[in-house]
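Notes for the one structure printed next.
The values are calculated or read from the model by the stated rules, or taken from the named source; none is laboratory data. Note that the structure is predicted; figures quoted are calculated from it, not measured. Note that we place each Cβ from the backbone using ideal geometry, even for glycine, and neighbour counts take in every protein chain shown. To get the accessible areas, we keep the full protein, side chains included, count just its heavy atoms, and leave off ligands, DNA and RNA. Shrake-Rupley method; radii C 1.70, N 1.55, O 1.52, S 1.80 Å.
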Amino acid sequence: MRTAYSVETVRTAERELMARLPEGALMRRAAAGLAAVCAELLGRVYGSRVVLLVGSGDNGGDALYAGARLARRGAGVTAVLLAPERTHAGGLAALRRAGGTSVEPGAAEPLVRRADLVVDGIVGIGGKGGLRPDAARLAELAADSRAAVVAVDLPSGVEADTGEVHGTAVRADVTVTFGTHKPGLLIDPARAYAGSVRLVDIGLDLPDEAELEALQHVDVAARLPRPGAESDKYRRGVVGIAAGSARYPGAAVLAVSGALRGGAGAVRYVGPAADAVIARFPETLVSDKGPKHAGRVQAWVVGPGAGDDASAVAEVLASDVPVLVDADGLRLAGRDAVRGRGAPTLMTPHAGEAAALLGVSRESVEGARLASVRELAGLYGATVLLKGATTLVADAGGGAVRVNATGTAWLATAGSGDVLSGLAGSLLAAGLSAPDAGSVGAYLHGLAGRFAADGAPAGAHDVAAAIPEAWRDVRD
C-alpha cells in the first residue's frame, strides 16, 4: 500500500527524528538521496550545468547540499537565491566550498536556458496560496528550458495537503520526496506537476493511519473475491442492475457487461432495455416487474442511462442491501433517502455530477478534489468515488481517502463509467465493503482501460472485455 501523510504529521515525525540525530544529519540524508537522483538523470555529472532555484526554507537547504555533492563530482553548479538574507547558511557554505556559485534572480534567465538540470528548491511542503512573482518567473523559465527539472519534496506552487494549484507552479520531470508521499503528489491537479515521483527513505516513524492510501497489485489481489469448492452462483452473490431507458439502452448493456466480469455469480437486470441486454448477454436474469419484485440480490446498481425514472431509484434506495448510485441516479436520489439507508451506499459521480450535488461549479470540484470528495461523503453519509484522472474514494466515516491512478486518458469515452458501475456493483454483491468495492473496481477498470487502449482509442465495450485480463494481471 502506498501511503501519503499530511504536512503536520510529516513535520511531527521529522522533529522526533531530528531530536535523535546530530544537528543537520537529516537534511544531509535527504540531500544525499536528492543528489543521487540528479546524478542518475544527468548520466554524466562532470561538466554538466546545474541550476538550483533556492528559497528560504529547508527545501532550499536540501537543494544546496545536493548541489554541493554534484559540484564535488565536477558539475558547474549555480544557486539562484530568491531570499539571499534568509538562505540556508550551512547549505550555501557547503556549495561554495565545493566550488559552486550563487546569483540573484535577475541573473537567472541565461543560466536556466543553458542548464542541463534545474533543481526546484523554492518552496517547501508548507507553501500555500501560489508562488510570488519572482518565483513564478523562475518556474516559467524552467518550463521553457531544455533542462530536466527535479523538484525537492514537492513542486513549488502546489499545496501538499490538498493537491490544489493556485496560479503558476513548477512542472517537474521528477519529484524526489522524502520520508513519505504527500497528498498533493497523488491528487490532481497537482499530480500532473510532479512528473515521476521518487521516494527517499529518511527514517521517519509514521502513524498507522495515513491521509491517503493507494492500493497496489498485492492489495487488490488480497481483496478480490474467489469462489470456493462449495460456491454456486447465488453464494457468490447476485447483483441487480436497474439502468437504461428507451433513449439510453446502451448504458444498461454496458453496466451489465461490467457486472458480469466483477466477481458476482449472477446478474439480474431490471428496466426497459431487457431485449438489448439479453441479445448481448443471454446469461443475464431479466425482469420487468421493477426492483422490488426482481428477486433476491446482494447489491444493486442504479442510475446509468435511467433518464427520469425516479421510481426505480426510490425502490432501490429503500432496499436493505448495498447500493451503488451512478449517473442519472445521482440526480434522482434525495439526500435524506441516501442518509437514511441502513445498508452501505456507494456514489460514483464525475466532477460535473459532484458539482451539481454540492451546488458549486465544476471548476471548483476539479480544483479541490480531495475537499470535494470528503464533503460529499459527509453530506450524504455514503462512500463516494469521485471519478477523474486520479479517482478518489472517501468514506463517510472518515479515515484515509483511497486514490487510484491506474487509468488512462483513453478512458474518457462514452459508457466507460457505466462499465465501472457494473464492475464495482458486482464486487459489492460479492461481499466487498463499499470503500473496497469502489477502490478495487477503479483499479481494475483503470488497468482494463490501459490494456484495451494500448496507446490507441478504445470503446467502453473494449474496456469491459479487458477486465479479465486486468484481473489476471493483478492475481499473477
Long-range neighbours under 9 Å by Cβ, at least six apart or interchain, first residue in a helix (DSSP H, G or I) within segment 89-107, second at pLDDT below 95 and of a type in the set (Gly, Ala, Ser): 90/24
Criterion (open to solvent by 40 Å² or more (accessible area, probe 1.4 Å), β-branched (Val, Ile, Thr) and either free of Cβ contacts under 8 Å to residues at least 40 places away in the same chain or assigned to a loop (DSSP other than H, G, I, E, B) (or both)) met by exactly one of 168, 177: 168
Of all residues in segment 36-65 being out of contact with any strand residue (DSSP E or B) (no Cβ under 7 Å at 6 or more places or on another chain) and closer than 18 Å to residue 88 by Cβ, the one that is least open to solvent (accessible area, probe 1.4 Å): 61
Test: residue in segment 458-473 that is under 30 Å from residue 342 (Cα atoms) and either hydrophobic (A, V, I, L, M, F, W, C) or surrounded by fewer than 19 Cβ atoms within 10 Å (Cβ to Cβ) (or both): no
Residue that is farthest from the chain's Cα centre (by Cα), among those in segment 292-312 that are closer than 15 Å to residue 343 by Cβ and modelled with pLDDT of 95 or more: 297
Hits in segment 359-384 - residues which are more than 14 Å from residue 338 (Cβ to Cβ), outside any loop (DSSP other than H, G, I, E, B) and touching a Ser or Thr at 6+ places or on another chain (Cβ under 7 Å): 365, 370, 371
Complete set of residues in segment 391-416 that are crowded, with 24+ Cβ neighbours inside 10 Å and either among the hydroxyl-bearing types (Ser, Thr, Tyr) or within 20 Å of residue 333 (Cα to Cα) (or both): 391, 393, 394, 416
Long-range neighbours under 8 Å by Cβ, at least six apart or interchain, first residue within 14 Å of residue 438 (Cβ to Cβ) and part of a helix (DSSP H, G or I) within segment 207-222, second open to solvent by less than 20 Å² (accessible area, probe 1.4 Å) and of a type in the set (Val, Ile, Thr): 220/440; 220/474
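Give 188, 205, 144 a once-over and let me know the one that is at pLDDT below 95 and open to solvent by 10 Å² or more (accessible area, probe 1.4 Å).
Answer to the selection: 188.
Have a look at 410, 471 and point out the one that is out of contact with any Leu (no Cβ under 9 Å at 6 or more places or on another chain), over 16 Å from residue 256 (Cα atoms) and not in a loop (DSSP other than H, G, I, E, B). Let's see the steps before the verdict.
Working: 471 fails: out of contact with any Leu (no Cβ under 9 Å at 6 or more places or on another chain).
That would be 410, the only listed residue that is out of contact with any Leu (no Cβ under 9 Å at 6 or more places or on another chain), over 16 Å from residue 256 (Cα atoms) and not in a loop (DSSP other than H, G, I, E, B).
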Selection within segment 25-35 - in contact with a Lys or Arg (Cβ under 9 Å, 6 or more places away or on another chain), touching a residue at least 40 places away in the same chain (Cβ under 8 Å) and open to solvent by 10 Å² or more (accessible area, probe 1.4 Å): 33
Residue under evaluation residue 140, criteria (1) assigned to a strand (DSSP E or B); (2) more than 21 Å from residue 31 (Cβ to Cβ), criterion not met: (1)
